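Novice: Before I ask anything, here is the structure I am working with.
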Amino acid sequence: MPEARIEKDRIADIYSKIAPSYDLWAWLTESKARDRCLELAAIQSGEDVLEVAVGTGLAFERILATNPAGRNEGIDLTEAMLIRAQKKAAKSGSRNYRLRVGDAYDLDFPDNSFDVLVNHYMFDLLPRHDFLTVLEEFKRVLRPGGRLAMVNMTVGERWYNGLWDRVYRISPALLGGCRSVLLVPQLEACGFQHISREYVSQLAFPSEVIQAEKAFGSSIRARI
Ligand SMILES: C[S@@+](CC[C@H](N)C(=O)[O-])C[C@H]1O[C@@H](n2cnc3c(N)ncnc32)[C@H](O)[C@@H]1O
């Protein structure tokens, strides 16, 4: 797993530049994994759902369509991405949602607030030593038995999948700061249960689709 080479304070700047072309990139390389993740998340109307790092709202608009009677919250670090998500959400006709600037490291929600937490292509931007901190934060806001549905750029299973990590080594910003990661061991270390992982490759871009649950009786690390 390569180490992250984009500092957190540069992310909003990079994604403000990428925002206008992001949906085309996502359609070409990420749409299969995103679709599969939402299928496995099996969101039921009436649930409380949080998407962390909504980006331009590609998953969020689908969440709104499947959860008309529930509560839908979305946060992202980058305002330019959120503006696009707002436009998609407004077109959906749904009124059960809120989209705001927010940070995955410090979610502005009480403990045990959500039935489902969705997170796509964000951990591949974060430093490895922060993975557990952010997963603890996800666990804190999920209810016991709550589902985590995530997708990450991952380590390729074929030689040609390594192309994207080579691009990252030359210029991390070209890939929006994303490099391949493996989250299952971190989820296990964080105490998530019923963890499943599927591998998806689209245009040689390798993704892992992960589902996991917050254990009943799971302890929550106190916030400082
Ligand atoms: C590769 S894009 C993925 C967007 C969206 N999840 C998708 O799959 O289309 C990464 C997104 O993560 C957001 N992001 C990165 N670090 C974040 C953090 N600490 N908290 C919230 N959002 C973050 C960026 O602003 C960007 O919109």
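Novice: Could you let me know the centre-to-centre spacing of segment 143-201 and segment 1-64, using Cα atoms, in angstrom?
Specialist: One Cα centre to the other: 13 Å.
Novice: Follow-up question, since we're still on this one. Let me know the charge dipole size of segment 80-160 about its Cα centre in debye, to the nearest 20, where only the beta-carbon of Lys, Arg (+1) and Asp, Glu (-1) is charged. Walk me through the intermediate numbers first.
Specialist: Numbers: 13 positive and 10 negative charges, 123 e Å.
In debye, rounded to 20, segment 80-160 gives about 600.
Novice: In debye, nearest 20, what is the charge dipole magnitude of segment 8-214 about its Cα centre with +1 on Lys and Arg Cβ and -1 on Asp and Glu Cβ, if you could check? Show your work: numbers first, answer last.
Specialist: Numbers: 26 positive and 28 negative charges, 102 e Å.
The calculation lands at about 480 debye.
Novice: As an exercise, find the ratio Rg/Rh for the chain from alpha-carbon atoms, using the Kirkwood inverse-distance average for Rh. Before the final figure, lay out each step's value.
Specialist: Details: Rg = 16.3 Å, Rh = 17.4 Å.
My calculation of the ratio gives 0.93.
Novice: On to the next question. Out of Asn112, Val101, Pro206, whose Cα points farthest toward the positive end of the dipole of segment 8-214 (charges: +1 Lys, Arg; -1 Asp, Glu; placed on Cβ)?
Specialist: Toward the positive end, the furthest listed residue is Pro206.
Novice: Now for a separate question. Step through the residues of segment 92-107 one at a time and calculate ³J(HN,Hα) from phi using the Karplus curve (6.51 cos²θ - 1.76 cosθ + 1.60, θ = phi - 60°), rounding each to whole Hz and writing x for Gly and Pro.
Specialist: The phi angles translate into 5, x, 6, 10, 8, 8, 9, 10, 8, 5, x, 10, 4, 6, 8, 6 Hz.
Novice: Which of the lysines could a cross-linker span from Lys8 if the Cα-Cα distance has to be under 16 Å and same-chain partners fewer than 8 positions apart are dropped?
Specialist: Leaving aside lysines fewer than 8 places away in the same chain, those within reach of Lys8 are Lys17.
Novice: Continuing with the same structure: Report for segment 105-224 the percent antiparallel among DSSP-assigned beta bridges with both residues inside it, nearest 5. Write down the numbers at each step before the final one.
Specialist: On the way: 16 of 23 bridges.
Counting DSSP beta bridges with both partners in segment 105-224, the antiparallel share is about 70 percent.
Novice: Okay, helix-only estimate at 222 nm for the chain: each DSSP H run of n ≥ 4 adds -39500 (n - 2.57), divide by all residues, round to 500 deg cm²/dmol; what do you get? Spell out each step's value before the answer.
Specialist: On the way: 8 runs with 78 residues, N = 224.
For the chain, the value works out to -10000 deg cm²/dmol.
Novice: First check a/c for segment 56-118, with a ≥ b ≥ c the square roots of the eigenvalues of its C-alpha gyration tensor; if it is under 1.5, answer rounded, and if not, answer prolate when a/b is larger than b/c or oblate otherwise.
Specialist: On the way: a/c = 2.16, a/b = 1.13, b/c = 1.91.
It is oblate, given that a/c is not under 1.5 and a/b is not larger than b/c.
Novice: Looking at the chain, send over the antiparallel percent of its DSSP beta bridges, to the nearest 5.
Specialist: Working: 16 of 37 bridges.
Around 45 percent antiparallel, to the nearest 5.
Novice: What are the ³J(HN,Hα) couplings of segment 20-26, residue after residue, when phi is run through the Karplus curve with 6.51, -1.76, 1.60 and θ = phi - 60°? Round to Hz, x for glycine and proline.
Specialist: Values, residue by residue: x, 9, 4, 5, 5, 4, 5 Hz.
Quick note: the coordinates plus some simple rules give every number you see, no bench work behind them. This is a predicted model, so every value here is computed, not measured. FYI the Cβ positions are ideal-geometry reconstructions off the backbone, even for glycines, and counts take in every protein chain you see.
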